[in-house]
């Protein structure tokens with residue numbers, strides 16, 4: 001039974017050394033590094049409990065140092081190994097319990113004490129070997145190292161109960177079970193009346209159970225680390241997306257301001273100048289003394305009238321007040337009617353579904369996209385008919401622009417037709433933009449989810 005448990009304990013340690021090493025390389029979490037180191041020296045410690053290993057090591061030293069010195073060195077090393085083992089064990093516990101994050105002062109001070117004690121007793125080991133006095137080293141171990149580490153152990157447990165997360169329970173359960181098993185083994189070794197044949201077996205059993213609970217705790221911590229990384233990645237992605245949206249919003253707002261300024265310049269400047277010229281021409285017509293000039297004056301007046309109409313239309317298209325006053329649907333209706341009147345291309349407009357209220361900024365972007373697509377139909381498609389359809393089906397709004405012409409391509413390169421402006425608005429709205437193929441022609445489809453619209 002003892003041999004079986006002993007072999008199982010060694011096997012568990014070897015397994016978790018490999019696992020913790022791989023996880024450390026992946027996550028770079030120091031608790032896994034120190035867990036691996038702790039298991040390495042735990043194996044050495046467990047092996048040293050075996051008489052065959054203990055005395056076998058001593059026999060190896062006898063030819064080199066002699067029998068007495070070999071016994072002395074083996075005794076000192078037998079107590080130095082648990083010191084190194086407890087050092088890595090303690091530092092592992094600090095990182096595992098996240099003291100480096102939620103108890104920084106305690107972490108720094110206690111870690112320093114643990115390391116100092118390890119270095120100090122390595123020095124004591126060298127000194128006692130020089131003095132050839134193993135008993136002195138054992139005394140220092142029992143009366144200095146053990147009490148100090150016991151105090152740190154108790155304080156760490158208390159701090160873990162107060163500060164650490166859910167994975168602390170795996171640590172606490174593992175430690176408690178191991179301590180109980182170790183006490184049973186100790187009692188069986190020093191109290192013969194208990195009649196325990198192999199009390200060391202309880203030590204190995206406690207070690208196995210502790211290792212299992214520590215591993216479960218580390219697995220839980222891996223889960224927490226991955227969840228935290230996912231949260232960070234989502235936050236970073238959202239932040240970057242928001243930055244892009246803010247940048248796009250600034251560019252589009254600047255574009256709309258420039259459109260408005262140009263519209264005002266056309267309406268108040270050029271249109272006003274043309275009106276003044278028309279007034280002066282009217283005066284000349286009334287006071288004209290030369291009949292041959294009447295036809296010229298009439299033609300010029302007609303050209304000015306036509307130019308005024310065109311300027312008003314351009315001004316309106318640059319900054320349509322209909323959206324602000326009456327909303328997107330009315331603005332698109334008016335736009336389609338004006339295009340039909342000016343260019344003679346019938347453009348039907350249809351709106352279906354229960355209207356979804358949108359922010360004026362979003363309505364302006366949809367209007368601009370439709371405006372750009374219709375203008376490209378007029379310029380490039382050679383269509384005889386076109387249609388604009390907007391469908392409301394909460395939380396989606398779809399806008400389809402179709403024609404019966406030869407169609408045209410929208411590309412992101414410099415040779416593309418108006419895609420840069422459309423693309424910016426599509427990305428701003430987190431919308432989808434796709435090409436349609438119909439029986440009589442082609443078109444484009446804009447799909448908008450109001451739940452994915454940015455804050456404006």
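Tell me, please, whether a residue that is crowded, with 20+ Cβ neighbours inside 10 Å, within 30 Å of residue 139 (Cα to Cα) and at pLDDT 65 or above can be found in the stretch 52-60. There is no residue in the stretch 52-60 that is crowded, with 20+ Cβ neighbours inside 10 Å, within 30 Å of residue 139 (Cα to Cα) and at pLDDT 65 or above. Evaluating residue 367 against the criteria (1) at pLDDT 85 or above; (2) surrounded by fewer than 16 Cβ atoms within 10 Å (Cβ to Cβ); (3) under 21 Å from residue 393 (Cα atoms) leaves one unmet condition, (2).
Being in contact (Cβ under 8 Å) with a residue 40 or more places away in the chain, in a helix (DSSP H, G or I), more than 31 Å from the chain's Cα centre (by Cα) and more than 25 Å from residue 170 (Cβ to Cβ) is the requirement here; does residue 125 meet it?
Details: in contact (Cβ under 8 Å) with a residue 40 or more places away in the chain: yes; in a helix (DSSP H, G or I): yes; more than 31 Å from the chain's Cα centre (by Cα): yes; more than 25 Å from residue 170 (Cβ to Cβ): yes.
When the stated conditions are applied, residue 125 passes them.
Within the stretch 362-402, can you find the residues that are under 16 Å from residue 348 (Cβ atoms) and in a strand (DSSP E or B)? Quick ask: steps written out before the conclusion?
Initially, the stretch 362-402 is screened for residues under 16 Å from residue 348 (Cβ atoms), giving 370, 373-374, 377-378, 381, 383-391, 399-402.
Selection gives 386, 387, 388, 389, 390, 391, 399, 400, 401, 402.
Scanning the stretch 343-361 for residues that are without any contact (Cβ under 8 Å) to a residue 40 or more places away in the chain and assigned to a helix (DSSP H, G or I) yields 343, 360. Taking the stretch 382-406, which residues are under 22 Å from residue 452 (Cα atoms) and out of contact with any helix residue (DSSP H, G or I) (no Cβ under 9 Å at 6 or more places or on another chain)? Hits for the stretch 382-406 are 389, 391, 392, 393, 398, 400. For residue 381, are the conditions met, namely being closer than 20 Å to residue 440 by Cβ and either out of contact with any strand residue (DSSP E or B) (no Cβ under 8 Å at 6 or more places or on another chain) or in contact (Cβ under 8 Å) with a residue 24 or more places away in the chain (or both)? For residue 381, the condition - closer than 20 Å to residue 440 by Cβ and either out of contact with any strand residue (DSSP E or B) (no Cβ under 8 Å at 6 or more places or on another chain) or in contact (Cβ under 8 Å) with a residue 24 or more places away in the chain (or both) - is met.
The values are calculated or read from the model by the stated rules, or taken from the named source; none is laboratory data. All of these numbers come straight from a predicted model, not from anything done at the bench. Methodologically, a virtual Cβ is constructed for each residue, glycine included, from the backbone with ideal geometry; neighbour enumeration extends over all protein chains shown.
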